[in-house]
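J.: Sharing a structure below in C-alpha cells format, with a few things to ask.
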Amino acid sequence: MTHGICRRLGVTRLWSLKITGKGILVGVIGTGIDLTHPDLEGKVVATKDLGGHGISDDIGHDTAIAGIISAKGAKNWRLRGLAYETQLVIAKVTQFDGSAEEDVLIDALEWLASQGVHVINFSITSDCVTDGRDPVSREVNYLVQKRGIAVVCAAGNYGPAHYTIGSPGVAEQAITVGCVNNQDVLRLASSRGPTLDGRVKPDTVAPGERILCPRAHNTTSCDIHSDLYGFFDLTSIATPHVTGIYALLRQAFPKATPQQVKQAILGSCDPAYMPIVSRITSLPSGSLYRLQAALKRFFSRKKFDEKHSVGYGRVNAYRAYLKLKELMNVGKT
Amino acid sequence: MPDCIYHFQYRGKNICLSAPSISPCGACPRASTVLSGSGEFKPAMKGRLKFSIQASEPVLAGLAKDPRLEVIKTISHIGTMYVTATEENIVEMKMENEDKLVTFAKAIPFRSVR
C-alpha cells in the first residue's frame, strides 16, 4: 500500500487528524494470513480456520488484503495500510484452490460477528450471478441491518459485460466495490451491474492496479517485488481500500450506523471514468446504417454503462469524513 | 459459467431447482435440452449433493423430518436450511413443496476473487 495512493484517496488528511483506525476491529474472510509477516505481526487478535487446512495463507490473497487495511509499515512507513492502527480478526474459509462453500461462508460471517468486528472485508464472490436473495447475501443484509456490522464486498472480475456481479456483492446492504486503474479509469475486468433485479451495483470503485502489498511467505500469486512484498490487482485488492476507509470513518464517528457511513462514502466520491475501449468494442463493423445505429446506442448507453460500472465514483476518504460529519450534525439538530 | 443451475423435466413438468434467485447460465438450457423429450428423470450427477432451502420456520421444521434429506445445518435468522440429498429426491421434494418454498437451490460455489 503506497503512500501515494493514500494521499490520492484523501487518507493522509485523516491521519493528520489522528484518525488511524485505532480501536476498530476489522474482520477478513478469505484465504488465511501469514502471521509472521513483519507488517502484520501483533495485528491479529483472533483467527479461525473453517477451511480445514490451517490458518496460513497458501495463496497470498488475504495477507495482501490485510496489509492494505492494517499493515504497520514495519520495513518502510510509506507502505503502511490505510487504517494502520486497526486490529484484525481472520476467518479462513478456502480450500487450496481458493474455493469456498456457501454454508462455510455463513459460519465465518457469524463467527466474525461474535468476535465483535466493526466491518468485514469480503473479497470472495460466487461463480454465478444471483439477485441478492441467496443465503450469503441475506446473511450480509442481516449483519448490517440487525447487528450493525458493515460488509464490504468485491464486485468480482467478470467484466466488461453487465449483470456480472455475484453474491454477496449483490446484497442490498453491502458496500460493493469495483476497481479502477491509477488514472481512475475502470478496469475492463471489473464486474458490472445492475443486479438481476435492477439495482445499482457496484456502489463505488477503488484502486486495483499494481498495488504494492505484503506478500505471504512462499506465495507467487502476484507480480513479485521482493521477499516481503508483491504487486496485486483487480477488485479483491480494491475492496480493502474501502474497508480501511470505513474503519477510519467508524473511528471518527463511533455512533454512526453502517448505513450512514455508506451514505457518506457514496455521497462524496470523486469521478471515475469508463474505459473508452469497452464502448468501442461494442461497435459492430459493417454498413453505414449499422454504424449509425451503433453510435446511437453508444451514446444512449453511456449513462447506463457509467451508472452500473463505476457506481457513485471513486472513493475519497476525506470527503467522506466531511460528509459524515455533516450527516451526524444534521442528526443532532 | 459453472454448472450452478439444475433445470429438469420430470413427469412432464419443468423443474428449476434454483429459480428464481439465480440467473440462467450455460447449464440450464443444456440440461433441459438433454432431459426434455425423454419424459424421465436422469440424474446429472451421482451421489448426494448440497442444497440450500429457504422457507418459513414451520416449513423448514417439517422438511427437517423428511427421511430423504440429511440436514447439515439450519440458520433460522435467515430462514435457511442446508441439506444433502440425491438429485432425484430433491426433485421429488421440490415438486411436493413448491408453493411453500422461497428458494431451493444447489449450494453455490464461491472463490477468492483473483
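J.: What ranking, highest mean first, results for peptides A:251-259, A:105-113, A:65-73, B:51-59 when packing means the other Cβ atoms within 10 Å averaged over each residue?
T.: Top of the packing list down: A:65-73, A:105-113, B:51-59, A:251-259.
J.: Still on this structure, I have one more. Under a GNM of chain A (C-alpha, springs under 10 Å), which listed residue has the highest mean-square fluctuation: A:Gln115, A:Gln87, A:Gln173?
T.: Among A:Gln115, A:Gln87, A:Gln173, the largest GNM mean-square fluctuation belongs to A:Gln115.
J.: Taking 35 Å as R0, compute the FRET efficiency from the Cβ-Cβ separation of A:Val45 and A:Glu172 and round it to 0.05.
T.: On the way: r = 30 Å, r/R0 = 0.86.
Computed FRET efficiency for A:Val45 and A:Glu172 comes out at 0.70.
J.: Per DSSP H run of at least 4 residues, take -39500 (n - 2.57); add these up for chain A, divide by its residues and hand me the 222 nm value, nearest 500 deg cm²/dmol.
T.: Values: 10 runs with 118 residues, N = 333.
Result for chain A, helices only: -11000 deg cm²/dmol.
J.: Would you work out which of A:Thr204, A:Phe232, A:Val170 lies farthest towards the positive end of the dipole of chain A, given +1 charges on the beta-carbon of Lys and Arg and -1 on that of Asp and Glu, about the Cα centre?
T.: Final value for the positive-end residue is A:Thr204.
J.: Under a Cβ-Cβ limit of 4.7 Å, which cysteines in chain A have nobody to pair with?
T.: Here A:Cys6, A:Cys153, A:Cys179, A:Cys213, A:Cys222, A:Cys269 come out as lacking a disulfide-compatible partner, given the Cβ-Cβ threshold of under 4.7 Å.
J.: Let me ask something additional. Separation between the A:Trp77 and B:Glu57 pseudo-spin-labels, each 7 Å from Cα along Cα→Cβ, expressed in nm?
T.: If labels sit at A:Trp77 and B:Glu57, their model points lie 5.5 nm apart.
J.: Sticking with this one: Between B:Met95 and A:Gln263, what is the label-to-label distance in nm when each label sits 7 Å out along the Cα-to-Cβ direction?
T.: 5.1
Taken together, the values in this text are just the output of simple stated rules run on the coordinates, not laboratory data. Owing to the predicted nature of the structure, the values given are computational and were not obtained by experimental measurement. Note that each Cβ is placed from the backbone with ideal geometry, even for glycine, and that neighbours are counted across all protein chains shown.
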